[in-house]
Amino acid sequence: MEAKLAKGDIAHIEYDVWIVGPGEQRTLHDTTHADVAKGAEKFDEKKSYAPVTVVVGQDRLPKGLDEALLGSAVGETKEL
């Protein structure tokens with residue numbers, strides 16, 4: 001049986017946050033991946049690039065992210 005995230009579960013998530021501007025121009029806002037930060041010329045050697053630990057369904061995350069995580073399979077990739 002495949003594990004699904006439920007309210008109150010602790011998850012370790014990785015992400016890349018891009019701001020999309022006019023003409024579909026993308027600017028990296030934040031990431032948990034050092035290689036992505038380097039590629040976008042946003043690398044900060046003082047930052048820790050690693051998965052972030054969150055509690056799902058506790059209204060501690062942006063609403064869309066919380067909703068996307070609920071019911072997600074472990075290891076599933078989503079684009080929001």
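The values are calculated or read from the model by the stated rules, or taken from the named source; none is laboratory data. This structure is a prediction, so every number in the text was calculated from the model and none was measured. Cβ coordinates were reconstructed from backbone atoms using ideal geometry, including for glycine residues, and neighbour counts include every protein chain displayed.
Filtering K42, K47, K7 for residues that are among the basic types (K, R), part of a loop (DSSP other than H, G, I, E, B) and either on the phi > 0 side of the Ramachandran plot or touching a residue at least 60 places away in the same chain (Cβ under 8 Å) (or both) leaves a single hit, K7. Within region 23-36, not a single residue is of a type in the set (A, V, I, L, M), part of a loop (DSSP other than H, G, I, E, B), surrounded by 12 or more Cβ atoms within 10 Å (Cβ to Cβ) and modelled with pLDDT of 95 or more.
Just one of (1) touching a Leu at 6+ places or on another chain (Cβ under 8 Å); (2) surrounded by 13 or more Cβ atoms within 10 Å (Cβ to Cβ); (3) without any contact (Cβ under 8 Å) to a residue 24 or more places away in the chain fails for G64. It is (2).
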